[in-house]
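Only one structure is covered here, and it is reproduced in the block below.
Please treat every number below as a calculation from the coordinates, not as lab data. Small disclaimer: the values here were computed from a predicted structure and weren't measured. Backbone-built Cβ (ideal geometry, glycine too); neighbour counts: all protein chains shown.
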Amino acid sequence: MTETVLEQPPPKKQTVAPIDDRALVRTAQNGDFEAYDELVRRYQERVYATLYHMTSNHEDANDLAQEAFIKGFRALKSFKGDSSFFTWIYRIAVNRTINFLKKRNKRIHMSLNDLEFNAEHDPDLIALTSEKNPRRDLNLVELQEKLNEAMLKLSHIHRLVVTLHDVQGLSHDEISKIMDCNTGTVRSRLFYARQQLQAYLSDYLT
Amino acid sequence: MNQPKDPTEKLKNLLACKRYEQPPPGYFSRFPERLRARLEAEEFVEYSSLWQWLVNKFDAKPVVACVYGIALSTLLLAGFNLSQVFDTESAVSPVAGGPWMGWTPPTGLMDNVELARNRYRNPSSSVLPVAFLPVNSVSSSRFVFGTPIQRQPALFAPFQD
């Protein structure tokens, strides 16, 4: 007589699959704030970062990010899902920020003291700050300040394109959806903005 | 150092380093809570007062605000003009406070009432019934919407049993 040993299957690892944005949006549209909270957690860093690089001010970026998400929550019922939630909320945030910047008349206070310590170990920055150039004694914070000053000299649209592409790393296609224009326009704006920045920072880039 | 020679590449590297600019530690972990608190606070304030509601409505619709302002101004102007007319009338009216504060004359004074009506219709007439002359002069009230001090004119009617 042979004993049959019933081998129990190994317990399945319960992996919680991340809920799709669309499902979260549908739940949030029914008034579930927890679902909207999750959407906020997913995109808060990217939205904040974009607004920060647009305004060069932490408090303004904080206010604008909150306002964008509040407006998003209130307008959520009208969100049809033609684009991704990410693109939609980005568009709200960006439009709000551009309106804000138009109203802000030279009331610019840069708050650049929050630079993360790890930046000092970035090889690109080390190379840029240690290279022989007319400002070889330039330190990291000064370089960032010069860069931000140059960024603020750009028009809102050109600053936005540079921020979304070169800082945030979005593709031309994504930027064209956010800015509601074609990719050719995005490319030309990006080219022009880089030319301007290079001219402003010629002392540090040559 | 593998420093790129192309200025455009250098610029891209420099811009990429802006990613290191971060908000204070713990900012993002508290962001959703702060957002919810602000949302709830704004919803509370939004309907906390009729005035706030009006401001919000008119802030969104400037044309409505203009129409409302013009209508209110017209109403105030009309009210002011009306009060001027009533002031003039009350100055010649035998009754303090204006013609709208009528009084019922006692029986037996109907002739005097007729005389008073004639005077009211024709203020230039110098004929005034003696019985209508007050002991104290009747000052016309300056109140338009408030309650004026009512002074009844002293009447001298023959005593009747």
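Ranked by the mean number of other Cβ atoms within 10 Å of their residues, highest first, the peptides A:36-49, A:187-200, B:67-80 come out as A:36-49, A:187-200, B:67-80. The order of the peptides B:13-24, A:93-104 by mean Cβ neighbours within 10 Å, most packed first, is B:13-24, A:93-104.
I need the fraction of alpha carbon pairs in region A:142-206 separated by more than 20 Å, rounded to a whole percent. Within region A:142-206, distances greater than 20 Å cover 25 percent of Cα pairs.
As a rough footprinting exposure proxy, the listed residues B:Trp53, A:Trp88 were ranked by other beta carbons within 10 Å of their own, and the order from fewest upward is B:Trp53, A:Trp88. Counting beta carbons within 10 Å around each of B:Tyr27, A:Tyr90 and listing the fewest first gives the order B:Tyr27, A:Tyr90. Semi-axis lengths, largest first, of the ellipsoid equivalent to region A:56-108 are 24, 10, 9 Å, with √(5λ) applied to each eigenvalue of the Cα gyration tensor. Per-residue shielding of B:24-31, expressed as the average number of other chain Cβ atoms within 10 Å of the residue Cβ, stands at 4. Counting Cβ atoms of other protein chains within 10 Å of each Cβ in A:36-49 and taking the mean gives 3. Each of A:Phe33, B:Phe86 has some number of other Cβ atoms within 10 Å of its Cβ, and from fewest to most they run A:Phe33, B:Phe86.
Along its principal axes, region A:19-103 has C-alpha extents of 34, 20, 18 angstrom, given from the largest down. For the peptide A:162-169, the mean number of other protein chain Cβ atoms found within 10 angstrom of a residue's Cβ is 4.
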